[in-house]
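The values are calculated or read from the model by the stated rules, or taken from the named source; none is laboratory data. All values reported here derive from a predicted model rather than from experimental measurement. Cβ placement follows ideal geometry from the backbone for every residue including glycine, while neighbour counts extend to all protein chains displayed. Ligands, DNA and RNA are stripped out before the accessible areas are found, and what is left, the full protein with its side chains, is counted by its heavy atoms. Shrake-Rupley method; radii C 1.70, N 1.55, O 1.52, S 1.80 Å.
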Amino acid sequence: MTELAALEESILGGTTARRNDTVIARGAGCWLYDTTGRRYLDLGSAQGVTLLGHCHPALSKAIADQAQTLISCPNFLYNDVRARFGAKLVEVLPPHLNHVFLANSGAEAIDGALKFARLTTGRLRTIAFRSAFHGRTVGAVALTWEKKYREPFLPLLDVVHLPYNNLAKVDEALDESIAAVFVEIVQGEGGVNIGDGDFLRGVERLCRERGAMLVIDEIQTGFGRTGRWFGFERHGLQPDMICLAKGLGAGFPMGAIAYTDCVQEKLYVGAHGSTFGGNPLACAAGLAAIQTYQDEGLIERAATMGEYFLRRLREELADMILVREVRGVGLMLAVELRQKAGPYLKALMEEHSVIALPAGPNVIRFLPPLIITEEEIEFGVQALVRTLSAADAG
Ligand SMILES: Cc1ncc(COP(=O)(O)O)c(C=O)c1O
């Protein structure tokens with residue numbers, strides 16, 4: 001192990017599995033560079049966050065400029081950048097989601113939405129889905145499905161986990177005790193499981209009929225990932241709240257809850273809060289991120305490049321026995337294997353300089369930056385073909 005890897009592991013290790021001893025030192029566009037200068041194509045966008053690629057000049061400049069102007073501002077005073085960022089965010093949201101609470105991460109946004117749902121409905125219980133991932137704070141992990149994330153920490157909040165894409169089960173479980181249904185449009189960590197439109201619209205209808213809130217977790221699907229600004233737009237949904245993070249700051253740590261007048265009416269001073277949420281540095285990053293998505297037409301680009309990526313994967317992997325299914329929505333793609341994905345993810349990186357993500361045990365997941373080119377997609381596809389065909393032949 002290199003000295004730096006050992007140093008980091010000895011102090012900061014324990015909860016995160018590292019793929020190998022590589023120490024990443026810088027990034028540019030879709031590429032990461034290690035301390036030896038070797039480059040890797042980052043088809044995971046640093047866990048789905050760098051939607052503009054690494055160190056996009058507009059984002060880096062906005063952060064650098066703001067860092068010289070004002071980094072922290074007390075929340076009890078207004079701030080020019082915070083105001084402008086709020087206005088920019090609601091500009092890309094549907095008109096009914098006209099209020100925003102700013103937090104610092106995805107899980108924190110989920111925790112806030114849990115509180116807002118309880119406050120608005122006066123109810124306590126929540127529905128989430130099997131294979132869902134909503135984060136790992138004490139509130140969010142109650143909604144998350146994976147056993148190893150939850151079980152040692154029981155008892156958690158009262159959450160009913162139902163099978164995804166099964167409306168009949170929601171119909172059975174959604175009674176007057178349920179404050180909210182939390183759902184992903186495409187389950188990201190859980191395997192790139194694509195939500196069915198009829199199921200999602202059915203959940204919305206049942207929530208309306210029975211007085212529960214529909215909370216859509218757009219933390220991974222938001223900001224163009226699925227080829228739309230937000231995944232719920234694909235199905236014409238009108239959620240009561242959405243949770244945002246990842247693409248919100250295009251890599252700068254921030255989270256948000258966007259919600260309706262109905263939720264706003266129940267909020268009061270002190271109902272929720274955050275020291276760092278809405279700090280000027282994050283707001284400058286968020287403002288630059290959304291402006292750049294707009295200026296560079298990246299949401300539309302994600303749809304086009306996503307179709308291209310999916311088609312190329314299907315063409316190249318069609319005959320491989322090892323591959324069970326290739327699926328995707330926009331630039332959120334999955335190659336499901338008949339075996340564990342871990343060894344292939346490692347080989348993809350070590351032998352072919354491509355970084356991809358897992359999603360459940362058997363899935364290789366691609367969440368590339370929205371700026372990715374056809375050449376870079378081709379680099380990734382060929383690397384995957386070489387990695388998998390070595391095993392397929394053997
Ligand atoms: C859908 C979804 N929700 C919530 C989270 C948690 O976000 P964070 O890691 O910023 O707390 C994630 C992170 O991967 C996610 O993909």
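Among the conditions (1) of a type outside the set (Val, Ile, Thr); (2) assigned to a loop (DSSP other than H, G, I, E, B); (3) within 20 Å of the chain's Cα centre (by Cα); (4) closer than 30 Å to VAL381 by Cα, ASP319 misses just one, which is (3). Are any residues in the stretch 201-236 within 17 Å of ALA113 (Cβ to Cβ), of a type in the set (A, V, I, L, M, F, W, C) and more than 15 Å from the ligand (Cβ to nearest atom), and if so, which ones? If the condition is that a residue be within 17 Å of ALA113 (Cβ to Cβ), of a type in the set (A, V, I, L, M, F, W, C) and more than 15 Å from the ligand (Cβ to nearest atom), then VAL203, CYS207, ALA212, MET213, LEU214 are the ones that fit.
In the stretch 23-36, what residues are over 17 Å from HIS56 (Cβ atoms) and open to solvent by less than 50 Å² (accessible area, probe 1.4 Å)? Matches in the stretch 23-36: VAL23, ASP34. Among the residues of the stretch 359-380, write down those that are closer than 13 Å to MET332 by Cα and part of a loop (DSSP other than H, G, I, E, B). Within the stretch 359-380, ALA359, LEU367, PRO368, PRO369, LEU370, ILE372 meet the criteria.
Of all positions in the stretch 109-116, none carries a residue that is closer than 25 Å to LEU333 by Cα and outside any helix (DSSP H, G or I). Taking first residues from the stretch 346-358 that are over 18 Å from ALA334 (Cβ atoms) and partners that are small (Gly, Ala, Ser), the Cβ contacts under 7 Å between residues at least 6 apart in sequence or on separate chains come to HIS352/ALA383. Give all pairs with beta carbons closer than 8 Å in which a residue from the stretch 40-65 that is aliphatic (A, V, I, L, M) and away from the ligand (no atom under 16 Å from the Cβ) meets a residue that is open to solvent by 30 Å² or more (accessible area, probe 1.4 Å) and assigned to a loop (DSSP other than H, G, I, E, B); count only pairs at least 6 apart in sequence or on separate chains. Matching pairs, first to second residue: LEU52/GLY251; LEU52/ILE371; LEU59/GLY251.
Within the stretch 266-293, how many residues are aliphatic (A, V, I, L, M), in a helix (DSSP H, G or I) and open to solvent by less than 30 Å² (accessible area, probe 1.4 Å)? Show your work before the answer.
First, pick out the residues of the stretch 266-293 that are aliphatic (A, V, I, L, M): 267, 269, 271, 281-282, 284-285, 287-290.
After this cut, where a residue has to be in a helix (DSSP H, G or I) as well, the list is 281-282, 284-285, 287-290.
With the extra rule that they be open to solvent by less than 30 Å² (accessible area, probe 1.4 Å), the set shrinks to 281-282, 284-285, 288-290.
Matching residues across the stretch 266-293 total 7.
Which one is nearest to VAL203 (Cα to Cα), of the residues in the stretch 134-175 that are in contact with an Asp or Glu (Cβ under 7 Å, 6 or more places away or on another chain) and open to solvent by less than 40 Å² (accessible area, probe 1.4 Å)? Within the stretch 134-175, the match that is nearest to VAL203 (Cα to Cα) is HIS134. Residue count for the stretch 81-119 under the criterion of being open to solvent by less than 20 Å² (accessible area, probe 1.4 Å) and closer than 17 Å to ALA212 by Cβ: the result is 5.
Of the residues making up the stretch 346-394, just one is buried (at least 22 other Cβ atoms within 10 Å of the Cβ), within 13 Å of GLU316 (Cα to Cα) and small (Gly, Ala, Ser), namely GLY380.
Counting only strands (runs of 3 or more DSSP E) that sit wholly inside the stretch 139-235, those with at least 2 residues that are touching a residue at least 40 places away in the same chain (Cβ under 8 Å) and aliphatic (A, V, I, L, M) are 178-184, 213-217. Taking each residue of the stretch 102-129 that is farther than 30 Å from LEU281 by Cβ and within 14 Å of the ligand (Cβ to nearest atom) and looking for partners that are in a strand (DSSP E or B) and among the aliphatic types (A, V, I, L, M) with beta-carbon atoms closer than 6 Å, six or more apart or interchain, yields ALA128/VAL159; PHE129/LEU162.
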